[in-house]
Number of protein chains: 2
Amino acid sequence: MKQSDDHLIETKVASEALLKGRFLQAFRDSVRLPDGSLGSREYLVHPGAVMVVPLLSDTTAEWRVVLERQFRYPMGRVMIEFPAGKLDPGEDSLACAQRELMEETGYRAVQWARAGVLHPVVSYSTETIDIWFARGLTAGERQLDVGEFLEVFSASVSELLHWCQTGQVTDAKTLTAALWLQNIQNGSWPLTWQTLAARSGIA
Amino acid sequence: MKQSDDHLIETKVASEALLKGRFLQAFRDSVRLPDGSLGSREYLVHPGAVMVVPLLSDTTAEWRVVLERQFRYPMGRVMIEFPAGKLDPGEDSLACAQRELMEETGYRAVQWARAGVLHPVVSYSTETIDIWFARGLTAGERQLDVGEFLEVFSASVSELLHWCQTGQVTDAKTLTAALWLQNIQNGSWPLTWQTLAARSGIA
């Protein structure tokens, strides 16, 4: 895996804005392909996002997590997901994770661990989702955005894994979180936790 | 989880085509939100896709799978992924899985099992990816599309899981496949295999 990637790499020749929507920003680039020919690539530019896996209990035999049920318009149905949201301009990933957790669920967390990143659609979006785990939760009032409607509930990790198997959970970020949860719970993929100083993070 | 979802559901009021690209098709719908107010939702319409997890060996202690390295332009780098591709118009999911596996890797498979589906971006794309497992592989000549450049290699499931942990694999569909692989290998999530009749599938 250490060889040169020159036989795979595509380079930008020109870029054209295709769409400046309120939410979607699309581009079409002319690219030089590895064999020297020209091709075109259409893709969305995304500001980046975070997902938060809130652990209600991670010391008992039966770990519990906080989940959401939200109607997803492109899917035409309610999906089970972990809390997530887009970065505000200039916003730090952890600050965004704290904000989204609080706004969507009302919970604040004392300890945070960044597990890694996931890329939901490598073929047509620049979106990167940082994967955060949160524990030491305190319940509070949530502050949903205007036009945001979602339900918060809790489940055990074994329930979540069962829903992944049976198709009740099909959201890719939540499936990725399930992979992490399974391997964290069985001790294979340890996390490095950071404890927030009092009053740090969102005011 | 059996209660009505009326307090979450959004309904279409009007739909406007935002973009008809060569690849990307975007729409903006005006929607009635659960509280009766109006909102707008921008999203991509996608024809659907398949992912194939080709098992080179699934009877020894160390399972091996076929993977690809492909430059993904929106990511600006080479990604490790399972073979995947979009449905052609009217194409059956299994036929697409057989076609993509053969075109991208050269392999044909005798046995196939559909594990489930994943939705890569529930917030802004209708894309659904069917998750197929394939075994009984025979190597042959691959037939890449024009403008398609990718490298095929094999790895053990434990190597793949290690790359998921360390961040060398960040593609959401491949992470989802890793969740399935781990639970199939440990016996938790059994698959139902179908054996193709001789000469069936792609000619």
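For B:GLN25, the amide hydrogen comes within under 5 Å of the amide hydrogens of B:VAL45, counting only partners 5 or more places away or on other chains and with H modelled in the peptide plane. For the set A:LYS12, A:LYS20, A:LYS86, the ranking by accessible area, highest first and with no ligand, DNA or RNA atoms included, is A:LYS20, A:LYS12, A:LYS86 under a 1.4 Å probe. Per-residue Karplus couplings for the range A:58-66, computed as 6.51 cos²θ - 1.76 cosθ + 1.60 with θ equal to phi - 60°, are listed in order as 9, 10, 7, 5, 10, 5, 10, 10, 9 Hz, Gly and Pro entered as x. A Gaussian network model of chain A, with springs between Cα atoms under 10 Å, assigns the largest mean-square fluctuation among A:ILE131, A:ILE184, A:ILE80 to A:ILE184. Beta bridges per DSSP, both residues in chain B: antiparallel share near 85 percent. Using θ = phi - 60° in the Karplus curve 6.51 cos²θ - 1.76 cosθ + 1.60, the 3J(HN,Hα) couplings for the range B:40-50 round to 10, 10, 9, 7, 9, 9, 10, x, x, 8, 10 Hz; x is entered for Gly and Pro. Computed over neighbours whose Cβ is under 11 Å from that of A:PHE23, the net charge equals +4, Lys and Arg +1, Asp and Glu -1.
Sequentially through the range A:176-187, phi angles give Karplus couplings (6.51, -1.76, 1.60; θ = phi - 60°) of 5, 4, 5, 4, 4, 4, 4, 7, 6, 4, 8, x Hz, Gly and Pro residues having no value and appearing as x. Normalised radius of gyration (Cα atoms, divided by 2.2 N^0.38 Å) for the range A:102-160: 1.39.
The residues A:ARG22, A:ARG41, B:ARG72, A:ARG77, sorted by heavy-atom accessible surface at 1.4 Å with ligands and nucleic acids left out, run A:ARG22, A:ARG77, A:ARG41, B:ARG72 from largest to smallest. Distance cut-off 19 Å, Cα to Cα: go down the list A:LYS20/B:LYS173; B:LYS12/B:LYS86; A:LYS173/B:LYS173; A:LYS20/A:LYS86; B:LYS86/B:LYS173; A:LYS12/B:LYS86 and report the pairs above it. Distance filter (> 19 Å) returns A:LYS20/B:LYS173; B:LYS12/B:LYS86; A:LYS12/B:LYS86. What the pair-distance distribution of chain A shows, using all Cα-Cα distances binned every 5 Å from zero, is 1, 6, 13, 17, 18, 14, 11, 8, 7, 4, 1, 0 percent. Computed over the protein assembly as shown, the per-residue total of -39500 (n - 2.57) for DSSP H runs of n ≥ 4 gives a 222 nm mean residue ellipticity of -5500 deg cm²/dmol, rounded to 500. Ignoring ligands, DNA and RNA, how much accessible area is buried between chains B and A, both sides summed, with a 1.4 Å probe, to the nearest 100 Å²? Roughly 6500 Å² of accessible surface disappears when B and A pair.
Using the alpha carbons alone, the radius of gyration of the range B:1-114 stands to its Kirkwood radius in an Rg to Rh ratio of 1.12. Note that the protein assembly as shown presents 43 Å² accessible area per residue, ligands and nucleic acids not counted, probe 1.4 Å.
Annotation: A:ASP171 carries an accessible surface of approximately 0 Å², with a 1.4 Å probe and no ligand, DNA or RNA atoms counted. When the GluC sites (Glu not before Pro) in the range A:49-112 are filtered for DSSP coil states and for at most 10 other beta-carbon atoms within 10 Å of their beta-carbon, the remaining sites are A:GLU62.
A Förster radius of 60 Å, combined with the Cβ-Cβ distance separating B:GLN143 from A:GLU141, puts the computed FRET efficiency at roughly 0.55. The amide H of B:SER40, built 1.01 Å from its N in the peptide plane, has B:VAL31 as neighbours under 5 Å, considering only residues 5 or more places off or on other chains.
Between B:ALA155, B:ALA178, B:ALA113, the GNM of chain B built on Cα springs shorter than 10 angstrom shows B:ALA155 fluctuating the most. Computing FRET efficiency as 1/(1 + (r/R0)^6) for A:ALA14 and A:VAL45, where r is the C-beta to C-beta distance and R0 is 22 Å, gives about 0.90.
Considering the protein assembly as shown at the alpha-carbon level, its Rg and Dmax are found to be 21.3, 67 Å. Amide H contacts for B:MET79 (H built 1.01 Å from N in the peptide plane; partners 5 or more residues away or on another chain; cut-off under 5 Å): B:GLN70, B:PHE71, B:ARG72. Once the whole set of protein chains is in place, how much accessible area is left on B:CYS96, using a 1.4 Å probe, in Å² to the nearest 10? Number for this one is 0 Å². Counting only protein heavy atoms and a probe of 1.4 Å, the accessible surface of the range A:86-203 is 49% carbon and sulfur. With a simple spin-label model that places each label point 7 Å from the Cα along the Cα-to-Cβ direction, the separation between B:LEU56 and B:GLU91 comes to 2.5 nm.
Here the relative contact order of chain A, from alpha carbon pairs under 8 Å that lie six or more residues apart, stands at 21 percent. Positive contributions from Lys and Arg (+1) and negative ones from Asp and Glu (-1), summed over other residues with Cβ under 12 Å from the Cβ of A:ARG99, come out at -4.
Going from the isolated chain to the complete set of protein chains, the range A:169-184 loses at least 10 Å² of heavy-atom accessible area (1.4 Å probe) at A:THR170, A:ASP171, A:ALA172, A:LEU175, A:THR176, A:LEU179, A:TRP180, A:GLN182, A:ASN183.
The values are calculated or read from the model by the stated rules, or taken from the named source; none is laboratory data. What you are looking at is a predicted structure, and each value in this text was computed from that prediction instead of being measured. Don't worry about glycine lacking a Cβ; one is built from the backbone with ideal geometry, like all the others, and counts go over all protein chains shown. Remember, those area values only see protein heavy atoms, side chains included, never the ligands or the DNA or RNA. Shrake-Rupley method; radii C 1.70, N 1.55, O 1.52, S 1.80 Å.
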